[in-house]
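Heads up: the structure comes next, in structure tokens.
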Amino acid sequence: MATPKKLISGNGSVSCLSELLTEMNLKRPFLVIDPKVRQSNFGRIFEDFFGESFDDFGTNPTFLQVNNGACLLRKEKYDSIIAVGGGSAIDLAKIIGLTAINGGVAEDYFRDKKAKIQSVPLVAIPTTCGTGAESSPFAVIMDPNIPKKRGIESIFFMPTAVILDPQSLISLDKVMIAATGMDAFTHILESHISRKATALTRIVSKGLLCSVREPLEDALVKKDISALEKLQSIAFTARLLYPRTGLSIAHALSHPLGAFTGMHHGLAVVTFLEASMKFNLADCEASFYEAEKVMGLPSGDGLLSWIRSIIEESGMAEEISNNLSLFGNLSVKRIALEALQSSNIPSNPRELGLLETCKIINESLFIFGR
Ligand SMILES: [Fe+2]
């Protein structure tokens, strides 16, 4: 498994950034920071380090924004990138680095151009508890012309160093803690039930399933700092698994839904989580019920009930329903067809085609009152 070379974690660990830059001999870092995070107390820490920064992007960054960032990096001769934010900011920073160093425009790498040169060092500082982008060789970007979210894998995408500081999560509201925490949980569960799971990956995913319930519940009830710290570590470790295991139909569907609606990735994943698990259960009973057991949930429907209670009690149900209502004419068939092209389909436990995928979408819409 590829991993970042350096990991610094713990409450207040962001204070090590200056020391880390000196140790890595980086003198001119380019700050890519989520605009909302920049306004938070955690984001203001970075004003002491940087003058100019790049924050001209939203929830779903586009090729244009990548190319603008790459131009700046080349023009100003920055020697590294520091990405502060959720998956969007970190993925954007990865593609900016790749494009700036290897030339051309970002779109080239999503066609057939191969990057040959290592990007400048990337220090990732995630500010959500679920993305795992900081430990992943993948990056996703929005192509607004189609519109479609497109992802690629590159060995040059793995960040050089990661700082996991739970202080970065303090300003998240309950829905965002739930959405990003459940995204991390879904990475673990989908890895565990994956058709491509191995004995080794199941040992890791089983351990993560044992550990995830308590900090997720504590983080939602009282925003406990030690719970947030545990969630960050779990999200980081979970993401290391799925270049090996792949994910499932819930993640495959989340990308087209996110592209069409602009919905946050974690909420889009949760939209399909229950219906996709019910569909898959027949072909992954042993691993699904093992997950239920190690999480300390009642056997039978304990896991599905737990998922439902987190969705309801965190406020995610209302948020998803509101998001879906803005797009009353969502094309079920179009979302299904795009999802079926996803690299996560071969690892889905149960075989499925257009009919089954449309059924999962319709059931999900029904669950959220649409
Ligand atoms: Fe995800």
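Of the residues making up region 113-133, those that are touching a Leu at 6+ places or on another chain (Cβ under 7 Å), at pLDDT below 95 and away from the ligand (no atom under 16 Å from the Cβ) number 2.
Of all the residues in region 357-370, those that are within 18 Å of GLU190 (Cα to Cα) and open to solvent by 30 Å² or more (accessible area, probe 1.4 Å) number 0. Determine, yes or no, whether LEU273 is closer than 29 Å to VAL14 by Cα and of a type in the set (A, V, I, L, M, F, W, C). No: the conditions fail for LEU273. Do we find a residue being farther than 30 Å from ILE146 by Cα and of a type outside the set (Val, Ile, Thr) anywhere in region 260-271? No, every residue in region 260-271 fails to be farther than 30 Å from ILE146 by Cα and of a type outside the set (Val, Ile, Thr).
Look at ALA89 and say whether it is over 26 Å from GLN232 (Cβ atoms) and part of a helix (DSSP H, G or I). It is false that ALA89 is over 26 Å from GLN232 (Cβ atoms) and part of a helix (DSSP H, G or I).
When the helices (runs of 4 or more DSSP H) confined to region 291-352 are screened for residues that are of a type outside the set (A, V, I, L, M) and at pLDDT below 95, those reaching at least 2 such residues are found at 316-325, 332-339. Being in contact (Cβ under 8 Å) with a residue 60 or more places away in the chain, assigned to a helix (DSSP H, G or I), open to solvent by less than 50 Å² (accessible area, probe 1.4 Å) and not hydrophobic (A, V, I, L, M, F, W, C) is the requirement here; does SER254 meet it? In short, no.
Among the residues making up region 1-58, those that are surrounded by 17 or more Cβ atoms within 10 Å (Cβ to Cβ), assigned to a loop (DSSP other than H, G, I, E, B) and among the hydrophobic types (A, V, I, L, M, F, W, C) are MET24, LEU26, PHE57. Within region 115-140, restricting attention to residues that are within 29 Å of ALA219 (Cα to Cα) and β-branched (Val, Ile, Thr), which residue is farthest from the chain's Cα centre (by Cα)? Checked region 115-140; the qualifying residue farthest from the chain's Cα centre (by Cα) is VAL123.
The values are calculated or read from the model by the stated rules, or taken from the named source; none is laboratory data. What you see is a predicted model, and the numbers here were worked out from it, not measured in a lab. Methodologically, a virtual Cβ is constructed for each residue, glycine included, from the backbone with ideal geometry; neighbour enumeration extends over all protein chains shown. Surface accessibility is based on the protein's heavy atoms, side chains included, excluding ligands, DNA and RNA. Shrake-Rupley method; radii C 1.70, N 1.55, O 1.52, S 1.80 Å.
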